[in-house]
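Visitor: Here you go, one structure.
The values are calculated or read from the model by the stated rules, or taken from the named source; none is laboratory data. In this text the structure is predicted, and so the values were computed from the model without any measurement. We place every Cβ from the backbone using ideal geometry, glycine too, and count neighbours over all the protein chains shown.
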Amino acid sequence: MSSHSHFKLYKPYGYISQMLSNDTRQARKKKFLSDLYDFPNGTMAIGRLDEHSEGLLLLTTDGKLSNTINRSGVEKEYYAQIDGTISEDALIALREGVSITINSSQYTTKPCDVRYLKEEPILPVRAKKIRDARHGPTSWISITITEGKYRQVRKMTSAVGFPTLRLVRIRIGPQTIDDLEPSQVVKIQKVL
């Protein structure tokens, strides 16, 4: 029996994937995970979602487990709402791997699973409006990656000419977002 605690959270838009900040200016301006739930001391996010992304975030008090998962190539699935009607050529390029910039260097993403979603997924309404139809069409894709470079999915869709407007992580390995609502935290027995 593990003495560690594990959680899954629907990280809402506008929150940073950390408990708090030592930077007092940042602490006044930003929203942190500790604002959502009274997590035990030592709780950390396994991986991250940037401030403008939302969805499934796993948390644990087990630093060793967090490190193992971050390095193990676990699948992470996202729904991305993109600007424009995505082309078949762009879908193929995403599947095969595209060149993006990471830390001022060019990096080619690993091949991944990308599917066009014929219908808009049913997701909670986001607090901040994305935009309306007057600005042109949008489309949705599912993208499953095994890496986790900084803002990777956003950089990938931009590289093929279709910037991401909304990004929601719906799955990490076998853990899914289920019916969680934004800001909802659920204690789980095991992470993976």
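Visitor: Within the stretch 110-134, can you find the residues that are among the basic types (Lys, Arg), farther than 17 Å from PRO163 by Cβ and surrounded by 10 or more Cβ atoms within 10 Å (Cβ to Cβ)?
Guide: If the condition is that a residue be among the basic types (Lys, Arg), farther than 17 Å from PRO163 by Cβ and surrounded by 10 or more Cβ atoms within 10 Å (Cβ to Cβ), then LYS110, ARG115 are the ones that fit.
Visitor: In the stretch 123-169, how many residues are of a type outside the set (Gly, Ala, Ser) and part of a strand (DSSP E or B)? Can you show your working first?
Guide: So the first thing to find is which residues in the stretch 123-169 are of a type outside the set (Gly, Ala, Ser), and the list is 123-126, 128-132, 134-135, 137-138, 140-141, 143-147, 149-157, 160, 162-169.
The next check asks that each one be part of a strand (DSSP E or B); those that pass are 138, 140-141, 143-145, 164-169.
Selection size over the stretch 123-169: 12.
Visitor: I've got another one for you. Of the numbered conditions (1) touching a helix residue (DSSP H, G or I) at 6+ places or on another chain (Cβ under 6 Å); (2) surrounded by fewer than 17 Cβ atoms within 10 Å (Cβ to Cβ), ARG95 fails exactly one; give the number of that condition.
Guide: With (1) touching a helix residue (DSSP H, G or I) at 6+ places or on another chain (Cβ under 6 Å); (2) surrounded by fewer than 17 Cβ atoms within 10 Å (Cβ to Cβ) applied to ARG95, the lone miss is (1).
For every residue, the table says whether it meets (1) in contact with a Cys (Cβ under 6 Å, 6 or more places away or on another chain); (2) over 30 Å from HIS6 (Cβ atoms).
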{"site": "ILE86", "(1), (2)": "no, yes"}
{"site": "GLY136", "(1), (2)": "no, yes"}
{"site": "ILE145", "(1), (2)": "yes, no"}
{"site": "VAL153", "(1), (2)": "no, no"}
{"site": "VAL160", "(1), (2)": "no, yes"}
{"site": "ILE172", "(1), (2)": "no, no"}
{"site": "THR176", "(1), (2)": "no, no"}
{"site": "ASP179", "(1), (2)": "no, no"}
{"site": "ILE188", "(1), (2)": "no, no"}
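Visitor: Sort out which residues of the stretch 135-175 are surrounded by fewer than 17 Cβ atoms within 10 Å (Cβ to Cβ), in contact with a strand residue (DSSP E or B) (Cβ under 6 Å, 6 or more places away or on another chain) and among the hydroxyl-bearing types (Ser, Thr, Tyr), and write them in order of number.
Guide: Selection gives SER142, THR144.
Visitor: Right, another one. When you go through (1) among the polar types (S, T, N, Q); (2) surrounded by 12 or more Cβ atoms within 10 Å (Cβ to Cβ); (3) assigned to a strand (DSSP E or B) one by one for GLN106, which number turns out not to apply?
Guide: (2)
Visitor: Still on this structure: Can you give me the number of residues within the stretch 88-107 that are of a type in the set (S, T, N, Q) and touching a residue at least 60 places away in the same chain (Cβ under 8 Å)?
Guide: Residues in the stretch 88-107 being of a type in the set (S, T, N, Q) and touching a residue at least 60 places away in the same chain (Cβ under 8 Å): 1 in total.
Visitor: Looking at the stretch 170-192, which of its residues are in a strand (DSSP E or B), closer than 16 Å to TYR79 by Cα and either without any contact (Cβ under 8 Å) to a residue 12 or more places away in the chain or not hydrophobic (A, V, I, L, M, F, W, C) (or both)? Even if it seems obvious, please write down each step before you answer.
Guide: In the first step, residues of the stretch 170-192 are kept if they are in a strand (DSSP E or B); the result is 170-172, 175-176, 185-188.
Subset that is closer than 16 Å to TYR79 by Cα: 170-172, 175-176.
Matches in the stretch 170-192: ARG171, GLN175, THR176.
Visitor: Considering only residues that are at pLDDT 95 or above and at positive phi, which ones fall in the stretch 91-123?
Guide: GLY97
Visitor: Here's a follow-up. Across the stretch 44-62, which residue is surrounded by the fewest Cβ atoms within 10 Å (Cβ to Cβ) among those that are hydrophobic (A, V, I, L, M, F, W, C) and out of contact with any His (no Cβ under 8 Å at 6 or more places or on another chain)?
Guide: Here the residue is MET44.
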